[in-house]
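K.L.:
Once you've had a glance at the structure underneath, I'll fire off some questions.
The values are calculated or read from the model by the stated rules, or taken from the named source; none is laboratory data. Here the structure is a predicted model, which is why all the values come from computation and not from measurement. Here the Cβ positions follow ideal geometry from the backbone for every residue, glycine too, while neighbour counts run over all protein chains shown.
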Amino acid sequence: MEDKCNDIQKYHAEYRTREVYKLIKDLSKKWQAKTSAIKYKNGKPIMERETVKDRWTEYCSELYEITDMPGKESFLNDTPTI
């Protein structure tokens, strides 16, 4: 911490404002935990890691689900499965 303060003073004396502001920003940032907020369809947040994975799988599957497409059956039959 003291080293960073000394660097700020040094950069300030050298008129290197970009570095001064960057160091001040780094020092004044408040720590915030990462959140991977995902919710059930009913809006309730999911906390368990395995359940989050399952919900993402369900969500992505719904995105790629084909509905209301003319000729859907022939498209699905012609498309190779992965």
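K.L.:
Which members of the stretch 30-46 meet the condition of being surrounded by 10 or more Cβ atoms within 10 Å (Cβ to Cβ) and of a type in the set (A, V, I, L, M, F, W, C)?
P.N.:
Correct list: Ile38, Ile46.
K.L.:
Evaluate the stretch 48-65: report whether one residue or more is modelled with pLDDT under 85 and assigned to a loop (DSSP other than H, G, I, E, B).
P.N.:
Yes, the stretch 48-65 contains a residue that is modelled with pLDDT under 85 and assigned to a loop (DSSP other than H, G, I, E, B).
K.L.:
Among the residues of the stretch 1-55, what is the count of those that are of a type in the set (D, E, K, R) and touching a helix residue (DSSP H, G or I) at 6+ places or on another chain (Cβ under 7 Å)? Even if it seems obvious, please write down each step before you answer.
P.N.:
Start the filter on the stretch 1-55 by keeping residues that are of a type in the set (D, E, K, R), which leaves 2-4, 7, 10, 14, 16, 18-19, 22, 25-26, 29-30, 34, 39, 41, 44, 48-50, 53-55.
Next cut, touching a helix residue (DSSP H, G or I) at 6+ places or on another chain (Cβ under 7 Å) only: 4, 7, 19.
Final tally of qualifying residues: 3.
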